[in-house]
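Each remark here refers to the structure printed beneath this line.
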């Protein structure tokens, strides 16, 4: 079964109904139907919270996280081993450290596809399958 690893940019596109929102919505529907899995790193989950809070305030952030929580995404914590592996991804592919957690998570299996709207991930496409959402 395919697992889609969603990063914060993909979820934010979905929330803002921006380019690629329909694709993320499709992945969420498949996840809810049990035909795929959807997961997100705890660091990207935190980025969603921070961006939402900064733009819309704490109450909106709580509401958004609550509504997203209904989808049952697996939120993968950052333990010590994962942090080291992510740091190696950062060094190898010169991408931001927080973003490296998503790539590290996607690298766990060939059945995983990393979904992002951030084209800074291009260097990591040598290591994992990446589905880039359309540019705005």
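Bear in mind these aren't lab numbers, they're just calculated from the coordinates by the rules spelled out. Owing to the predicted nature of the structure, the values given are computational and were not obtained by experimental measurement. Note that we place each Cβ from the backbone using ideal geometry, even for glycine, and neighbour counts take in every protein chain shown.
Brief remarks follow.
- If you wrap the chain in the convex hull of its Cα atoms and look at it from every side, the mean projected area works out to 7.8 nm².
- Potential extension, residue 108-residue 56 segment - 0.36 nm per residue separation minus Cα distance: 15.3 nm
- Axis angle, to the nearest 10 degrees, between helix 21-33 and the longest C-alpha principal axis of the chain: 90 degrees.
- With each label modelled as a point 7 angstrom along the Cα→C-beta vector, the residue 88-residue 42 pair spans 2.1 nm.
- Helix axis angle, 97-106 relative to the chain longest principal axis, alpha carbon, degrees: 80 degrees
- In degrees, nearest ten, helix 42-56 long axis to first principal axis of the chain (Cα): 40 degrees
- When the chain is treated as a GNM with alpha-carbon contacts under 10 Å, the residue of 66, 109, 41 showing the greatest mean-square fluctuation is 66.
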